[in-house]
Amino acid sequence: MKVAIVGLGAMGSMAAWQLAQAGVHVEGYEQFGLAHARGGVGGESRLFRTAYKEGPQYVPLLKRSRQLWRELESQTASNLLQLNGGLTIGHPGDEAIAKVLESIQQFDIEHQVLDIEDARQRFPQHRFDPQEVVILDRESGFLRPELAVSAALRRATDLGANLHGHTRVEAIEQRGDGAWLRIDGSERRFDKVLVTAGAWVDHLLPQLGGSLYARKLILSWFPARDIAAFAPERFPIFTRRSQGYFSFGVPSVEGSMVKIGISTPGPVVEDVNAFDSQISEHELAETRHVIHTFLSGLDPDPVRTSGHLDAFSPDRHCVIGHLPGEDRLLVIGGFSGHGFKLAPAIGEIACQLLREQAPGLAVGEFALERLAICNGSAHAL
Ligand SMILES: Cc1cc2nc3c(=O)[nH]c(=O)nc-3n(C[C@H](O)[C@H](O)[C@H](O)COP(=O)(O)OP(=O)(O)OC[C@H]3O[C@@H](n4cnc5c(N)ncnc54)[C@H](O)[C@@H]3O)c2cc1C
């Protein structure tokens, strides 16, 4: 079987590794340089959380991903995932807190619900409100995205995959007995095509009717008065929803800066090809507010900022499936700002589906069919 992968970011790279490992003939195409920073891969670190605020249905995928991250580390002699713990901070009635607790209960995740005085003593880098809940999930930490994607692509190449950077797929079509890609004006036939085009997917597959749309997420890095206080051993990753602000943070990975992000994405990016990764002062306002109000010990001005794209779905859950009547095209996307940690398990599922095997984990909830596609406009069911 000859399979093409369109887009070698988080999901495409892991699928390339899994497919090549299964002995499938893989041709992978990436429009920019391999492991580039415009989409979901740039920005030095990605949170890995197991007690999952997006819902306990993800926990089996997260546990499988953790095993596969370790497998990729050992196959490529690289250090990709550091589990230094993770804090979820919020108010007791918050949906995110409820889902984190549900995940913990259903899957017996090693954790501690901290008393607020204890949280203040142990994590003076945060300013806690006495009404807040603080949950420490010991199975959380952070990933190194550029290293992870490069490692998976290198491993896939070693296992026989042919990967083509700086090669844009212009069109995809299922026709006759094959799936066809147009590249540089000429057509190439494959048995199956995996479309993992991230924020560009809607551009490439107009059949989706705009159901997956590109949005910008911004990251900023701040110096600290005492950088040792923000080292991974002392500063777990965190996600926080306080006073309507959704923020997250990663310890100092290289020993000089602390990364703080805002989980609320920017407006829909209509023209992904004209995307501007620069961050304006206006876009930084929320991050500045978070630094000032909820954290202690960070300088107010970022020393580095960057903007990146991800594809969002209407219900913020990913989609996995075939377009109606196009069983040779498998579409995986819409990870809505939280997909990186899941990538190896999703790559494995892509491999199983392309080989017409039953997926090893339940993914029915993420079926593409839940997005009703009618008259060129799509709605979540
Ligand atoms: C700033 C930011 C912070 C995030 N933080 C986290 C986090 O902490 N934890 C977490 O788990 N997730 C996080 N995410 C989400 C995660 O990174 C994404 O959900 C994930 O990368 C999506 O993977 P993907 O493969 O769908 O898209 P991508 O990784 O963006 O890959 C898509 C690839 O397809 C390529 N492509 C598109 N069109 C074509 C074409 N026509 N021809 C060839 N190639 C093409 C693109 O160039 C791109 O490389 C974050 C995302 C962003 C943007």
Mind checking which helices (runs of 4 or more DSSP H) fall wholly inside region 104-219 and carry at least 3 residues that are modelled with pLDDT of 95 or more and either surrounded by fewer than 19 Cβ atoms within 10 Å (Cβ to Cβ) or more than 14 Å from the ligand (Cβ to nearest atom) (or both)? 116-122, 145-158
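Please indicate, with yes or no, whether at least one residue in region 49-62 is more than 8 Å from the ligand (Cβ to nearest atom), small (Gly, Ala, Ser), in contact (Cβ under 8 Å) with a residue 12 or more places away in the chain and not assigned by TED's automatic domain parsing to the domain that holds ARG355. Walk me through how you get there before you give the answer.
First, the residues of region 49-62 that are more than 8 Å from the ligand (Cβ to nearest atom): 50-62.
Filter once more, so that each one left must be small (Gly, Ala, Ser): 51, 55.
Add one more test, that the residue is in contact (Cβ under 8 Å) with a residue 12 or more places away in the chain, and what stays is 51, 55.
So of that shortlist, the ones also not assigned by TED's automatic domain parsing to the domain that holds ARG355 come out as 51, 55.
Yes - at least one qualifying residue is present in region 49-62.
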For region 37-71, how many residues meet the condition of being over 20 Å from GLN106 (Cβ atoms) and in contact with a strand residue (DSSP E or B) (Cβ under 9 Å, 6 or more places away or on another chain)? 13
Is there any pair linking a residue in region 234-253 that is farther than 15 Å from ILE291 by Cα to one that is part of a strand (DSSP E or B) and among the charged types (D, E, K, R), with Cβ under 8 Å and at least six apart or on different chains, and which? VAL253/LYS259
What's the total number of residues in region 71-81 that are more than 18 Å from ASP158 (Cα to Cα) and surrounded by fewer than 18 Cβ atoms within 10 Å (Cβ to Cβ)? 1
Please count how many residues of region 336-366 are outside any helix (DSSP H, G or I) and within 30 Å of ILE262 (Cβ to Cβ). 5
Number of the exception - ALA229 against (1) more than 13 Å from the ligand (Cβ to nearest atom); (2) modelled with pLDDT under 95: (2)
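Check region 36-48 and report whether any residue there is among the small types (Gly, Ala, Ser), under 14 Å from the mean Cα position of the chain (by Cα) and more than 8 Å from the ligand (Cβ to nearest atom). Break it down stepwise before answering.
Filtering region 36-48 for residues among the small types (Gly, Ala, Ser) gives 37, 39-40, 42-43, 45.
Restricting the remaining residues to those that are under 14 Å from the mean Cα position of the chain (by Cα) gives 37, 39-40, 42-43, 45.
Okay, now just the ones that are also more than 8 Å from the ligand (Cβ to nearest atom), so 37.
Yes, there is a match, as at least one residue in region 36-48 is among the small types (Gly, Ala, Ser), under 14 Å from the mean Cα position of the chain (by Cα) and more than 8 Å from the ligand (Cβ to nearest atom).
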Extreme residue, surrounded by the most Cβ atoms within 10 Å (Cβ to Cβ), among residues of region 314-328 that are touching a Lys or Arg at 6+ places or on another chain (Cβ under 9 Å) and not in a strand (DSSP E or B): HIS317
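Given the residues PHE235, PHE222, which is the only one that is buried (at least 23 other Cβ atoms within 10 Å of the Cβ), closer than 25 Å to HIS91 by Cα, in contact with a helix residue (DSSP H, G or I) (Cβ under 9 Å, 6 or more places away or on another chain) and hydrophobic (A, V, I, L, M, F, W, C)?
Working: PHE222 fails: closer than 25 Å to HIS91 by Cα.
Testing whether each residue is buried (at least 23 other Cβ atoms within 10 Å of the Cβ), closer than 25 Å to HIS91 by Cα, in contact with a helix residue (DSSP H, G or I) (Cβ under 9 Å, 6 or more places away or on another chain) and hydrophobic (A, V, I, L, M, F, W, C) leaves just PHE235.
The values are calculated or read from the model by the stated rules, or taken from the named source; none is laboratory data. Everything numeric here is computed off the predicted structure, so don't read it as measured data. FYI the Cβ positions are ideal-geometry reconstructions off the backbone, even for glycines, and counts take in every protein chain you see.
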